[in-house]
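Engineer: Take a look at the following structure, please.
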Amino acid sequence: MMHGVEFAQPYWFLLLALIPLLSFWYWKRNNSQRANIRFSSFTNVNNVPKTLRQKLVHLPFALRMLVLAFLSVALARPQSSSSWQNVTTEGIDIVIAMDISGSMLAEDFKPNRLEASKKVAMNFISNRPTDRMGLVVFAGEAFTQCPLTTDHSVLLNIFGGIKNGLITDGTAVGMGLATAVKRLKDSEAKSKVIILLTDGVNNMGSIAPQTAAEIAKTFGIRVYTVGVGTMGSAPYPAKNMFGQTVYQDMEVKIDEDMMRKISAMTDGKYFRATDNNKLEKVYQEIDAMEKSKIDVTEFRKKTEEFLPFALGALFFLALEVLLRNTLLRVLP
């Protein structure tokens, strides 16, 4: 609830400018009307106490100025206002489908594709506290690592434990997408989104990527696809016969045509990230496009508050009239 005071006709405050002008005129007039009498000494005069009438001689004018001040405020029509808001948040359900195959260990990203993808995705989750989030991982097969949840601390802990080797190696893009669709198909959210991230070509699984995309389209699910990997080749860690880590150049193969088709079919968008910074920008762009929708309805109520000021002006006017006709009455 918010409280405030507004004035419907504030131009009446211009009347306040008359107060200093009238005060100056009153002072000048009193000085010009004073009588001059010469005395040889003020000793006896100074000891004479002032009467009540003398002490209150300027009170009627002060009361008249108060009348003017209160009247100007009353004419400006002060209004107290109260407002309150009904806020409805329409959360978005988002499932991140992440490739954790062996090729995600390539180090064209720092420290590697998988760790870089996890870090950026975790930042994305932290920046969307009102949305339900879920996680699907895939390699040679796919499974749900975390169903849709608003408990992002749990989801972030699960993200931290993701590593290569949890499931059979390979790249089952279609299975990863289909599993994510399964998690979202019964959602009643206004917007249902999948972020599908991979660095390879679909080579395993019983469901083709385009088939999974058609299912996503049927359920009104938008799919953003992200291709992760530099152009050309990337250093890939491997073990030699002595158990030592050596690096070999591995050709980067991403089925970008397939990724674009998936996004186009579901009214999403395809992104290519070739380094850590570009991957961060991809998630930032998705975050901007998929902001939670907030409907705000504001109600306002105004109450006229001029009456106390009008009564105050009337009171001071009545007091002035009373004084002028009794204690401070001027005889003709």
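The values are calculated or read from the model by the stated rules, or taken from the named source; none is laboratory data. The model shown is predicted, which means the values in this text are computed figures rather than measured ones. In this analysis, Cβ positions are derived from the backbone assuming ideal geometry, glycine residues included, and neighbour counts consider all displayed protein chains.
Engineer: Sort out which residues of the stretch 205-241 are more than 20 Å from Asp287 (Cα to Cα) and either among the hydroxyl-bearing types (Ser, Thr, Tyr) or free of Cβ contacts under 8 Å to residues at least 12 places away in the same chain (or both), and write them in order of number.
Structural biologist: If the condition is that a residue be more than 20 Å from Asp287 (Cα to Cα) and either among the hydroxyl-bearing types (Ser, Thr, Tyr) or free of Cβ contacts under 8 Å to residues at least 12 places away in the same chain (or both), then Ser206, Thr211, Thr218, Thr230, Ser233, Tyr236, Ala238, Lys239, Asn240, Met241 are the ones that fit.
Engineer: Determine which single condition Val87 fails, assuming it passes every other condition in (1) modelled with pLDDT of 70 or more; (2) outside any helix (DSSP H, G or I).
Structural biologist: Only one criterion in (1) modelled with pLDDT of 70 or more; (2) outside any helix (DSSP H, G or I) is unmet by Val87, namely (1).
Engineer: So, one more: In the stretch 56-72, which residues are in a helix (DSSP H, G or I) and either outside the structural domain of Tyr11 (by TED's automatic domain parsing) or aliphatic (A, V, I, L, M) (or both)?
Structural biologist: Those that are in a helix (DSSP H, G or I) and either outside the structural domain of Tyr11 (by TED's automatic domain parsing) or aliphatic (A, V, I, L, M) (or both): Leu59, Ala62, Leu63, Met65, Leu66, Val67, Leu68, Ala69, Leu71.
Engineer: Restricting the search to the stretch 201-219, which residues are polar (S, T, N, Q) and surrounded by 18 or more Cβ atoms within 10 Å (Cβ to Cβ)?
Structural biologist: Asn202
Engineer: Go through (1) of a type in the set (Asp, Glu); (2) closer than 15 Å to Ala180 by Cβ; (3) part of a helix (DSSP H, G or I) and name the single condition Asp93 misses.
Structural biologist: Going through (1) of a type in the set (Asp, Glu); (2) closer than 15 Å to Ala180 by Cβ; (3) part of a helix (DSSP H, G or I) one by one, Asp93 breaks only (3).
Engineer: May I pose another question? Out of all the residues in the stretch 185-238, which are touching a strand residue (DSSP E or B) at 6+ places or on another chain (Cβ under 9 Å), polar (S, T, N, Q) and within 13 Å of Ala97 (Cβ to Cβ)?
Structural biologist: Thr198, Thr225
Engineer: Ala238: closer than 23 Å to Lys110 by Cα and surrounded by fewer than 24 Cβ atoms within 10 Å (Cβ to Cβ), yes or no?
Structural biologist: It is true that Ala238 is closer than 23 Å to Lys110 by Cα and surrounded by fewer than 24 Cβ atoms within 10 Å (Cβ to Cβ).
Engineer: Scan the strands (runs of 3 or more DSSP E) fully inside the stretch 211-273 and keep the ones with 2 or more residues being of a type in the set (Phe, Trp, Tyr) and assigned by TED's automatic domain parsing to the domain that holds Ile286.
Structural biologist: Result: 269-273.
Engineer: Here are some residues: Ser80, Ser72. Which one is modelled with pLDDT of 70 or more and exposed (fewer than 14 other Cβ atoms within 10 Å of the Cβ)?
Structural biologist: Ser80
Engineer: Still on this structure, please answer the following. Residues that are crowded, with 17+ Cβ neighbours inside 10 Å and among the polar types (S, T, N, Q): find the strands (runs of 3 or more DSSP E) completely inside the stretch 102-200 holding 3 or more of those.
Structural biologist: By residue number, no strands (runs of 3 or more DSSP E) qualify.
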